[in-house]
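Reading through the structure tokens given below for one structure.
We did not get these values from a lab; they are worked out from the coordinates using the rules stated. Bear in mind that the values here come from a model prediction, so they are computed numbers and not experimental data. Backbone-built Cβ (ideal geometry, glycine too); neighbour counts: all protein chains shown.
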Amino acid sequence: MRSTKAMFTTGGLAVLLLLAGGPAFSADPVKIGVVDLQKILETSNSGKAAQNELKAQRDRMQADMKQRGSEIQEIESRMQRESMVMSKETREEKEREHRIKVSDFQALQRKYQSDLQEIERKLMGRLQNEITSLVSDIAKKDGYLLVISNIGVIYALPSTDITDRLIQELNAKSGKKSGP
């Protein structure tokens, strides 16, 4: 008797859910969009601009580090050449200067790495905000229930990919900003 009652309750619950959800099943199909963020970064004007700005900063910092490294190498080679003719006090002073330069070099290297990470975070955050805003507009306008990044997606129908449309709108938006 209990099993019949449990089966009836479970079956009744399923029928109620079907009846209650009936109109939802007859509605338009669920629209899900997929976005390839890497492709946006590589091909959109905003993504390219962010990458170029980051590269310019990195190149400037690397050039400065290369110059400072050359100065340290010059000090080392000068110390080696002149070590035999230097007095003990002069040699110790030069070694101390060398240690300070090396320490400053390492501190600057850490600072530049930190600065680059901060610049990258800001640039990518700005781009992500632009993308999120556009995705939200597209989703509302076209009735998407869900738009996800393709990271972690094993399979998606090509028709669900809205990346190219997003890139077009992002480029159009960035074109309006840079216009007169």
Cross-link partners among aspartates and glutamates for Lys94, C-alpha distance below 20 Å, same-chain residues fewer than 8 apart left out? Glu71, Glu74, Glu76, Glu82, Asp104
From the cross-link list Lys39/Lys173; Lys48/Lys173; Lys66/Lys111; Lys66/Lys122, which pairs have alpha carbons spaced over 20 Å apart? Lys66/Lys122
How do the peptides 163-170, 148-155, 127-134 rank, highest first, by the average count of neighbouring beta carbon atoms within 10 Å per residue? 163-170, 127-134, 148-155
Check which residues have an amide H placed less than 5 Å from Val34's amide H, if you skip close sequence neighbours. Ile148, Asp161, Ile162
For a protection proxy built on the mean count of beta-carbon atoms within 10 angstrom, sort 42-52, 98-108 highest first, please. 42-52, 98-108
Per-residue HN-Hα couplings for the stretch 69-78 [Karplus 6.51, -1.76, 1.60; θ = phi - 60°; Hz; x = Gly/Pro]: x, 5, 4, 5, 5, 5, 4, 4, 5, 5
proj_area_mean for the stretch 43-180 (convex hull on C-alpha atoms), units nm², value 13.5 nm²
